[in-house]
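Shown next, in structure tokens, is the structure this report addresses.
The values are calculated or read from the model by the stated rules, or taken from the named source; none is laboratory data. This is a predicted model, so every value here is computed, not measured. Here the Cβ positions follow ideal geometry from the backbone for every residue, glycine too, while neighbour counts run over all protein chains shown. Heads up: the accessible areas ignore ligands, DNA and RNA and are worked out on the full protein's heavy atoms, side chains in. Shrake-Rupley method; radii C 1.70, N 1.55, O 1.52, S 1.80 Å.
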Amino acid sequence: MGTFKADEKYGGAGTETTPEPMLVTDVQQGKVSDNADNLQRKLGNRQIQLIAIGGSIGTALFVSIGGGLARGGPGSLLLAYTLYSCMLGLVNNCMAEMSTFMPVSGGFIRLAGKWVDDAFGFMAGWNFFFYEALLIPFEITALNLVLSFWRDDIPTAAVCAGCIALYAVLNILAVKAYGEAEFWLSGGKVFLIAILFAFTFVTMVGGNPQHDAYGFRYWNNPGAFAEHRTTGSLGRFEGFLAALWSASFTVVGPEYIATVAAEAKRPRIYIKKAFKTVYWRFGIFFIGGALCCGIVVAYNDPTLVAILGGDKSGAGTAAASPYVIAMSNLGIGVLPHLTNALMVTSIFSAGNTYTYCATRSLYGLALEGRAPGFLKKCTKNGVPIYCFCTVMLFPLLSFLSVSSSSTQVLTWLINLITAGGVIDYIVMSVTYIFFYRACKRQGLDRTKLPYTGWFQPYCAWTSLVFMVCIVTCYGYSCFLPWDVTGFFSYYTMVLLVPVLYFGWKAIKRTKIVRSQDADLVWEAPVIDAYEATFVSEPVGFWTEMLQLVGLRRAKGGDKRA
């Protein structure tokens with residue numbers, strides 16, 4: 001297959017002479033691969049949209065958010081989740097432009113190595129891999145806790161083994177099986193969120209067994225802002241910081257869409273739409289969830305405080321959910337069980353997504369020579385088999401909860417994971433700044449790209465500064481007083497980053513990529529040629545949903561020449 005001329009297609013001047021583009025008829029006569037590697041593009045529009053909406057929502061939005069409420073109060077919780085969602089929206093704005101232009105295997109970690117520095121890509125890739133891989137045992141441990149809401153004698157080891165087996169089955173099959181499973185599981189999350197939002201509205205206006213129209217009562221008594229660690233204004237500010245750390249663990253999104261981009265049927269169209277839905281998800285699910293959480297229960301509710309303080313059982317289960325506590329306070333008996341049941345599917349779905357993303361990130365590392373070459377081996381269905389086998393070792397960490405307190409294991413994992421996630425967003429922001437400079441230097445017209453981010457590069461710089469502040473300060477409590485264990489649980493990933501970066505740089509003698517040398521062509525010709533094979537109009541999300549139940553079958557499709 002020939003190369004294409006980036007300057008002609010995207011309206012830039014270009015810096016290097018490239019061969020003339022091939023005629024379209026020549027491309028159609030050849031055999032066009034889905035990717036430049038062995039992954040296959042099998043994920044449809046409805047699957048990608050549901051993965052974008054709910055693929056990463058687990059226990060945090062339903063249970064862990066209560067910790068932020070108890071420490072910060074409803075006002076701090078709403079402000080913190082709004083601020084963090086806005087900042088992550090800026091990161092999403094950066095990733096949307098880069099991923100729709102270059103939807104390659106490995107997502108943002110390969111973009112970082114290609115456009116910033118090979119050592120930077122090495123660091124980003126292994127950080128993201130450990131971040132995703134450690135999330136798998138976190139969700140399995142959380143699932144054990146949620147099941148204990150019903151009874152305490154469920155064998156922990158059996159639950160761990162069952163989850164690992166199901167994750168293995170769903171991820172060893174073709175990517176379409178993973179996408180279909182996530183479509184239905186994520187749909188369950190959306191249904192649960194809708195139930196909780198409806199519960200909040202109906203009960204606050206008086207639709208409850210006590211006929212108590214409590215409205216925003218808890219914003220006035222005990223108040224909107226709680227004191228945490230200290231008293232007075234400083235205590236309220238520390239309460240806001242505690243709510244902000246809660247948001248930094250709960251609010252996620254752009255990294256998962258970037259990862260599935262390499263296996264999307266029509267990446268330039270479907271991935272673009274998926275990135276746009278992230279803004280709505282931030283606004284409706286995360287900000288709306290923080291608002292509802294602060295409405296239904298007071299931050300000093302005795303049950304919430306007792307569970308979080310360890311004086312009452314139920315930490316990590318639906319019993320610790322602010323919504324379930326509110327249901328119990330209002331005398332509603334059946335809804336907590338439905339909430340807990342849907343939480344089980346939500347947690348399982350999140351663990352399934354993390355298994356997929358960890359496998360693909362390790363595969364992306366192998367493609368660039370940053371991981372052993374044998375990991376590039378794929379099955380005929382496009383599954384990186386040895387990457388998958390490596391990833392499946394991490395869920396075994398969930399068996400730690402058999403002999404140790406599950407809540408303690410969750411605390412360790414949360415502290416390790418949160419820093420890794422924020423570092424990912426720092427990587428995305430830095431990568432975009434380098435990408436933006438390369439576009440300007442090489443004369444590539446960004447307005448001709450499939451998606452053009454707004455207010456750039458200021459969005460990238462703003463998100464970069466904010467995320468650096470978060471990852472630097474979120475473990476400040478271990479310094480007051482000094483706590484060695486706390487320090488390493490909070491900052492292990494932060495300390496690992498310079499070791500990975502400078503270690504690879506010293507071994508490989510890598511250099512930072514100059515703007516004029518950045519490869520802005522790369523796999524774009526393969527992606528353009530692949531998209532050119534479609535002979536039908538793309539199907540919208542709701543049309544595809546109707547087709548799922550047998551309606552509008554003749555409307556559009558993903559037919560290829």
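Summary of values
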{"quantity": "Candidate set from region 225-272 (those that are part of a loop (DSSP other than H, G, I, E, B) and without any contact (Cβ under 8 Å) to a residue 12 or more places away in the chain); member that is most open to solvent (accessible area, probe 1.4 Å)", "calculated": "THR231"}
{"quantity": "Selection count, region 498-522, where residues are touching a helix residue (DSSP H, G or I) at 6+ places or on another chain (Cβ under 6 Å), within 26 Å of ALA371 (Cα to Cα) and in a helix (DSSP H, G or I)", "calculated": "4"}
{"quantity": "Set ASP528, ASP519: member being open to solvent by 50 Å² or more (accessible area, probe 1.4 Å), within 27 Å of ILE433 (Cβ to Cβ) and either of a type in the set (D, E, K, R) or touching a strand residue (DSSP E or B) at 6+ places or on another chain (Cβ under 7 Å) (or both)", "calculated": "ASP519"}
{"quantity": "Filtered residues of region 474-489 (kept if open to solvent by less than 50 Å² (accessible area, probe 1.4 Å) and either within 23 Å of the chain's Cα centre (by Cα) or of a type in the set (A, V, I, L, M, F, W, C) (or both))", "calculated": "TYR474, GLY475, CYS478, PHE487, SER489"}
{"quantity": "Considering residues of region 313-339 that are open to solvent by less than 10 Å² (accessible area, probe 1.4 Å) and hydroxyl-bearing (Ser, Thr, Tyr) only, the residue modelled with the lowest pLDDT", "calculated": "THR317"}
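Per-residue answers, yes or no, for (1) small (Gly, Ala, Ser); (2) under 16 Å from the mean Cα position of the chain (by Cα); (3) modelled with pLDDT under 90; (4) surrounded by fewer than 24 Cβ atoms within 10 Å (Cβ to Cβ):
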position	(1), (2), (3), (4)
ASN92	no, yes, no, no
MET95	no, yes, no, no
PRO103	no, no, no, no
GLY107	yes, yes, yes, no
GLY113	yes, no, no, no
ALA119	yes, no, no, no
GLU132	no, yes, yes, no
LEU143	no, no, yes, no
